[in-house]
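Take a look at the structure below.
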Amino acid sequence: MTEKHIKHADTDYPVHPLIAQRWSPYAFAPRVVENAKLLSCLEAARWAASSYNEQPWTFLVARREDSTEFQRLLGCLLEANQEWAQHAGVLILTVICPTFSRNGKPNRVAEHDLGLAAGNLSLQAESLGLYVHQMAGVNLQVARQTYSIPETHQPVTAIAIGYAASEEAAPSEELAQRDRQPRQRKPLSEWVFQGGWKNPADLS
Ligand SMILES: Cc1cc2nc3c(=O)[nH]c(=O)nc-3n(C[C@H](O)[C@H](O)[C@H](O)COP(=O)(O)O)c2cc1C
């Protein structure tokens, strides 16, 4: 029941096993995540590269064992995400500061940097036997209100971290189906160009 479904990426070229193994489950086992593991995930996010080392991200964390806080964060998610994210061990709301602290000018790449931090967190989680499912489906107004996020900052995404369960444990057959689907990606030729727009790179 709590055995996770393996969905290794069928890669065209060799990649690090953590990258091949990572995927975003809908079936989470309703288990708490050990504090030491959560801290390692956050530490991995901390060491992400960022433009001017601005580290424009802020994470609001809610752990399953603190049910009041967990429910508050869950309430910031769109209903479709609440359905499965309620079983995760940790929920995180991500926030960025869209201006540089050094000069107040717009930081065009703040979301890019947040993505790097989330990527680090995902791979660290994978290395610890945890799974991550990120979410754009956040009610941003509710999130801003719930946590009194100032106008200087913007909520962006949510992140569920937890132990994956086998797909039969997904909250609905539709979500179980999604967990069963093989992972797919566009081939490199569709998005790696060389010499001009739409000119597929010849890297042979
Ligand atoms: C920024 C971001 C937002 C996402 N938002 C949602 C979401 O709101 N709901 C959801 O079910 N999945 C969401 N996902 C998960 C993606 O659908 C998933 O990563 C994608 O289908 C690739 O699958 P994989 O992560 O298993 O390789 C999101 C992923 C990212 C990175």
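The values are calculated or read from the model by the stated rules, or taken from the named source; none is laboratory data. A quick note: this is a predicted structure, and the numbers were derived from the prediction, not measured. In this analysis, Cβ positions are derived from the backbone assuming ideal geometry, glycine residues included, and neighbour counts consider all displayed protein chains.
How many of the residues in region 115-160 are more than 10 Å from the chain's Cα centre (by Cα), free of Cβ contacts under 8 Å to residues at least 60 places away in the same chain and within 11 Å of the ligand (Cβ to nearest atom)?
Within region 115-160, residues that are more than 10 Å from the chain's Cα centre (by Cα), free of Cβ contacts under 8 Å to residues at least 60 places away in the same chain and within 11 Å of the ligand (Cβ to nearest atom) number 0.
Being hydroxyl-bearing (Ser, Thr, Tyr) and surrounded by 19 or more Cβ atoms within 10 Å (Cβ to Cβ) is the filter here; which residues of region 54-108 pass it? If you could, list the steps in order and put the result at the bottom.
Start the filter on region 54-108 by keeping residues that are hydroxyl-bearing (Ser, Thr, Tyr), which leaves 58, 67-68, 94, 99, 101.
Scanning region 54-108 gives a single hit, THR94.
If you take the residues in region 24-38 that are within 16 Å of the ligand (Cβ to nearest atom) and small (Gly, Ala, Ser), which one is farthest from GLU65 (Cα to Cα)?
Taking the candidates together, the pick is SER24.
Scan region 36-53 residue by residue and report those that are in contact (Cβ under 8 Å) with a residue 24 or more places away in the chain and exposed (fewer than 13 other Cβ atoms within 10 Å of the Cβ).
Answer for region 36-53, where residues must be in contact (Cβ under 8 Å) with a residue 24 or more places away in the chain and exposed (fewer than 13 other Cβ atoms within 10 Å of the Cβ): GLU43, TRP47, ALA49.
So LYS4 ticks every box in (1) part of a loop (DSSP other than H, G, I, E, B); (2) closer than 24 Å to ARG63 by Cα; (3) within 16 Å of the ligand (Cβ to nearest atom); (4) at pLDDT 95 or above but one. Which box is left unticked?
LYS4 satisfies every listed condition except (4).
Hey, could you check region 161-199 for residues that are aliphatic (A, V, I, L, M) and either part of a strand (DSSP E or B) or closer than 28 Å to GLU34 by Cα (or both) and say which is nearest to the chain's Cα centre (by Cα)?
Checking each candidate, the answer is ILE161.
Being away from the ligand (no atom under 11 Å from the Cβ) and polar (S, T, N, Q) is the filter here, so list the residues in region 161-184 that pass it.
Residues satisfying the conditions are SER166, SER172, GLN177.
Residue under question is ALA165, and the condition is that it be touching a Phe, Trp or Tyr at 6+ places or on another chain (Cβ under 7 Å) and aliphatic (A, V, I, L, M); does it hold?
In short, yes.
Restricted to region 153-187, and to residues that are out of contact with any helix residue (DSSP H, G or I) (no Cβ under 8 Å at 6 or more places or on another chain) and charged (D, E, K, R), which residue is nearest to GLY129 (Cα to Cα)?
Once the filter is applied, the top-ranked residue is ARG183.
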